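Chemist: Please see the structure below; I have some questions.
The values are calculated or read from the model by the stated rules, or taken from the named source; none is laboratory data. These figures come from a predicted structure and were not determined experimentally. Backbone-built Cβ (ideal geometry, glycine too); neighbour counts: all protein chains shown.
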Amino acid sequence: MTVLLLLGIGVLVGVTTVVFGFGGGFVAVPVIAWADHALGGDALRVATATSLVVMVGNAVIATAATPRSTLAWLAPRRALLACLAAGGLIGALISTAVPGSWVRWGFVVYVAATFIDLVVRRGFVQPRVAAPSAPTAGHGDHAGRGHAEMRALPAPVGVVIGAIATVLGVGGSVMTVPALRRAGAPMARAAALANPLTLAIMVPAAVLTWVAGQPVPGRAGMAGPIDVPAALALLAGAVPVIMLLRRRPPPIPDRVHAIGYLALLVICGATVAAT
């Protein structure tokens, strides 16, 4: 039953990866924590570490399927990618010493604060730069237009984004999507670019977590703090969906797309709080 649930959640993670740029962290963390609840205080630590692996796998597939015209925005921003990677390493180091209860409530508080910020401050539900009413999520040149209209993200901010994303296991999309949105991107482009940005954070963080993370004693199928069977089940459900939706992205009106992102934040935050 648990494997079937993880496969089903993997399908949902595939949808969120393409549509919202969530590589799995916001969905995978609460689900893995529930599946591994028998681990007690280690459950959320294992969920956070395992979600890193899931996000790396999803982000690789989604980035590979993203049009080069969309990825062109990243070409002159290597300093931002380097800072995101550095932040991911710092966050992975911090997470080895952070109690699971702190991660749990940090996750909830951060989601709540993010939701309030996105609702109260202008620039998310209604972007500062007019966006197409029905963008196609990363398909063809359409998602790549308007790069000149998007303001650059300061590279040093990447260190903060990477560190917080890794400690809480949220991937980075919860920060990069709003930042790109306020920089003038339509939701489709922001979600598409969130995948390679997440990849920059999660690859070094996942490697460090695997090598240096404290193992969970008495539990089969673990690689350090990573629940390998859970990660594989989630990826098995997510990868086919990512490949399908990247080829045939759903036409979602921009405002509806943004509101759906907010709704997903609420659902994920409430799920972790109730776990």
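Chemist: Please go through the range 257-272 and give me each residue that is surrounded by 21 or more Cβ atoms within 10 Å (Cβ to Cβ), more than 15 Å from the chain's Cα centre (by Cα) and under 14 Å from Thr16 (Cα atoms), ordered by number.
Modeler: His257, Ala258
Chemist: With (1) surrounded by fewer than 18 Cβ atoms within 10 Å (Cβ to Cβ); (2) hydrophobic (A, V, I, L, M, F, W, C); (3) in a helix (DSSP H, G or I) as the list, and Val98 as the residue in question, which single condition is left unmet?
Modeler: Evaluating Val98 over (1) surrounded by fewer than 18 Cβ atoms within 10 Å (Cβ to Cβ); (2) hydrophobic (A, V, I, L, M, F, W, C); (3) in a helix (DSSP H, G or I) leaves (3) as the failure.
Chemist: Let me ask something else about it. If you take the residues in the range 211-225 that are under 30 Å from Ala155 (Cα atoms) and touching a residue at least 24 places away in the same chain (Cβ under 8 Å), which one is farthest from the chain's Cα centre (by Cα)?
Modeler: Residues of the range 211-225 that are under 30 Å from Ala155 (Cα atoms), as a first pass: 211-213.
Right, trim to touching a residue at least 24 places away in the same chain (Cβ under 8 Å) and you get 212-213.
On the way: Ala212: 22, Gly213: 21 Å.
Per the criteria, the residue is Ala212.
Chemist: Could you check the range 104-128 and list, in sequence order, the residues that are buried (at least 21 other Cβ atoms within 10 Å of the Cβ) and among the β-branched types (Val, Ile, Thr)?
Modeler: Val111
Chemist: Being modelled with pLDDT of 80 or more and surrounded by fewer than 21 Cβ atoms within 10 Å (Cβ to Cβ) is true for just one of Leu84, Leu71, Leu80. Which residue is that?
Modeler: Numbers: Leu84 fails: surrounded by fewer than 21 Cβ atoms within 10 Å (Cβ to Cβ); Leu80 fails: surrounded by fewer than 21 Cβ atoms within 10 Å (Cβ to Cβ).
After applying the criteria, what remains is Leu71.
Chemist: Quick check, is Ala33 in contact with an Asp or Glu (Cβ under 8 Å, 6 or more places away or on another chain), assigned to a helix (DSSP H, G or I) and crowded, with 18+ Cβ neighbours inside 10 Å?
Modeler: Numbers: in contact with an Asp or Glu (Cβ under 8 Å, 6 or more places away or on another chain): no; assigned to a helix (DSSP H, G or I): yes; crowded, with 18+ Cβ neighbours inside 10 Å: yes.
Against the criterion (in contact with an Asp or Glu (Cβ under 8 Å, 6 or more places away or on another chain), assigned to a helix (DSSP H, G or I) and crowded, with 18+ Cβ neighbours inside 10 Å), Ala33 does not qualify.
Chemist: Given the residues Leu6, Leu39, Leu44, which is the only one that is in a helix (DSSP H, G or I), hydrophobic (A, V, I, L, M, F, W, C), touching a residue at least 40 places away in the same chain (Cβ under 8 Å) and in contact with a Leu (Cβ under 9 Å, 6 or more places away or on another chain)?
Modeler: Leu6
Chemist: Report whether or not Thr50 is of a type outside the set (Gly, Ala, Ser), outside any helix (DSSP H, G or I) and either out of contact with any strand residue (DSSP E or B) (no Cβ under 6 Å at 6 or more places or on another chain) or under 23 Å from Ala273 (Cα atoms) (or both).
Modeler: When the stated conditions are applied, Thr50 does not pass them.
Chemist: With the structure loaded, tell me whether Arg219 is closer than 15 Å to Ala43 by Cβ, at pLDDT below 90 and charged (D, E, K, R) or whether it fails that test.
Modeler: Values: closer than 15 Å to Ala43 by Cβ: yes; at pLDDT below 90: yes; charged (D, E, K, R): yes.
Answer is yes for this residue.
Chemist: Only one residue in Leu52, Leu44, Leu93 is of a type in the set (A, V, I, L, M) and under 13 Å from the mean Cα position of the chain (by Cα), so which one is that? Explain how you work it out, then say what you get.
Modeler: Details: Leu44 fails: under 13 Å from the mean Cα position of the chain (by Cα); Leu93 fails: under 13 Å from the mean Cα position of the chain (by Cα).
After ruling out the rest, the residue left standing is Leu52.
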